[in-house]
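Note sheet for the following structure.
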Amino acid sequence: MRNFLAIGSYDGVHLGHRKIIRAAVREARRFGMKSRVVYFPRPPKFFFSGETENCLITLPEEREKLIMELGAGTVEPLHFDPALSSMTADEFFSRVILVKYKAGGLCVGPDFAVGRGREGHLDYLKCASAEAGIAFKAVPFARRGGHKISSSLIRAHLHAGAVEEANLCLGWDYSVSGPVIKGAGLGRKLGFPTANIGSHPAKILPPGIFAARVKVGHETFNAVLNSGRRPTVDTLDSKMVLEAHLLDFSRTIYGKTLEVSFLKHIRPERKFHSLDSLITHIKSDVAAARKFFK
Ligand code: RBF
Ligand code: MG
């Protein structure tokens, strides 16, 4: 069976990506083909810039799960490497799209391009598809507030701590997962024990204090998050950490995996003059989170 192929980086699987993938699923059905989604685990942009940390909206496994939830027949990674990056648009089209993925149809977003230096844009892909006798569908940008939704826009929102705006562009609540790792126990001494989450270094950690939903196994808890460098207790140049204080929760959960969904930005992190002042602010953060969840 031939495939209706959707190909892109799809980092974030945002509202624009969702339109593309749903279109591929729909077109595949219409033509009696299989919908096949191929994605670049490391977006070519980061292959070229060399960035590896604090830059992804979604890890590959998160992307695959979100894509499969949209009804894709299959999803598979294509590793963008020097060989791939040096192909011409013609080589990429014939070797990858036609031969490797046996495309009977192709569906892409408006900013997708193939070949070295991104030489083959939409017009190229449209012509190449017509010549090869396969179907072609270009899906326009999803928009919000006059802006084209893109992974870059969402990354900028996340880097600024603007998670509500990011979530509206994503169509799902931005989340970070990881095991609970042992902290110094200072949170407990302050009266606000936190689960420190060992998140993957490639994931973006939005900076600030947030109201969040935390999943532990099949249970979900309301929480307040600190995602920052703890300047009050640590040196200013210390690493970003993600810690969650779960509301109305008193168990220990070391070793368990948590999934934290960022829901509302409460305030930026600050350096306080005293621990008392930090505690006062954490109390009002907890109150703000409770109010959000009410
Ligand atoms: N640490 C800071 O240095 N500045 C802050 O503004 C700050 N805000 C926090 C808000 C909340 C809701 C929580 C749970 C923690 C916050 N922390 C802050 C981190 C705090 O210093 C940390 O939890 C303890 O040091 C234990 O790791
Ligand atoms: Mg802690």
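Restricting to segment 190-204, name every residue that is in a strand (DSSP E or B) and either in contact (Cβ under 8 Å) with a residue 60 or more places away in the chain or among the hydroxyl-bearing types (Ser, Thr, Tyr) (or both).
Correct list: Ala195, Ile197, Lys203.
Report every pair of residues separated by at least 6 positions or lying on different chains whose Cβ atoms are under 6 Å apart, first residue within segment 39-66 and in contact (Cβ under 8 Å) with a residue 60 or more places away in the chain, second part of a helix (DSSP H, G or I).
Cys55/Phe46; Ile57/Ile154
Scan segment 99-107 and give yes if some residue there is among the small types (Gly, Ala, Ser), at pLDDT 95 or above and in contact with a Cys (Cβ under 9 Å, 6 or more places away or on another chain), otherwise no.
Within segment 99-107, none of the residues are among the small types (Gly, Ala, Ser), at pLDDT 95 or above and in contact with a Cys (Cβ under 9 Å, 6 or more places away or on another chain).
Do you know which residues across segment 161-189 are within 16 Å of ligand 2 (Cβ to nearest atom), at pLDDT 95 or above and either surrounded by fewer than 16 Cβ atoms within 10 Å (Cβ to Cβ) or assigned to a loop (DSSP other than H, G, I, E, B) (or both)?
Pro179
Restricting to segment 189-203, give me the number of residues that are within 17 Å of Gly255 (Cβ to Cβ) and near ligand 1 (Cβ under 8 Å from one of its atoms).
2
Residue by residue through segment 59-97, note down the ones that are assigned to a helix (DSSP H, G or I), open to solvent by 30 Å² or more (accessible area, probe 1.4 Å) and over 16 Å from Asp11 (Cα atoms).
Pro82, Ala83, Asp90, Glu91, Ser94, Arg95, listed by residue number.
Working only within segment 98-128, note down all residues that are open to solvent by 40 Å² or more (accessible area, probe 1.4 Å) and either more than 24 Å from Ser150 (Cβ to Cβ) or basic (Lys, Arg) (or both). Can you show your working first?
From segment 98-128, those open to solvent by 40 Å² or more (accessible area, probe 1.4 Å) are 98-100, 102, 110-111, 116-119, 121-124, 126-127; that's our starting set.
Correct list: Leu98, Val99, Lys100, Lys102, Arg116, Arg118, Lys126, Cys127.
State which residue is most open to solvent (accessible area, probe 1.4 Å) when the search covers only segment 250-281 and only residues that are within 13 Å of ligand 2 (Cβ to nearest atom) and assigned to a loop (DSSP other than H, G, I, E, B). Even if it seems obvious, please write down each step before you answer.
As a first pass, look at segment 250-281 and keep what is within 13 Å of ligand 2 (Cβ to nearest atom): 252-254, 258.
Then keep just the ones that are assigned to a loop (DSSP other than H, G, I, E, B); that gives 252-254.
Details: Thr252: 102, Ile253: 15, Tyr254: 128 Å².
Only one residue tops the list, namely Tyr254.
Among the residues of segment 223-249 satisfying the criterion of being in contact with a Pro (Cβ under 8 Å, 6 or more places away or on another chain) and in a strand (DSSP E or B), which is nearest to Val163 (Cα to Cα)?
Ser227
Looking at Asp234, is it open to solvent by 60 Å² or more (accessible area, probe 1.4 Å), without any contact (Cβ under 8 Å) to a residue 40 or more places away in the chain and more than 11 Å from ligand 1 (Cβ to nearest atom)?
So Asp234 does not fit the description; no.
The values are calculated or read from the model by the stated rules, or taken from the named source; none is laboratory data. Note that this is a predicted model, so its numbers are computed, not measured. Positions of Cβ are backbone-derived with ideal geometry, glycine not excepted, and every protein chain shown enters the neighbour counts. The area values use the complete protein model at the heavy-atom level, side chains included, leaving out ligands, DNA and RNA. Shrake-Rupley method; radii C 1.70, N 1.55, O 1.52, S 1.80 Å.
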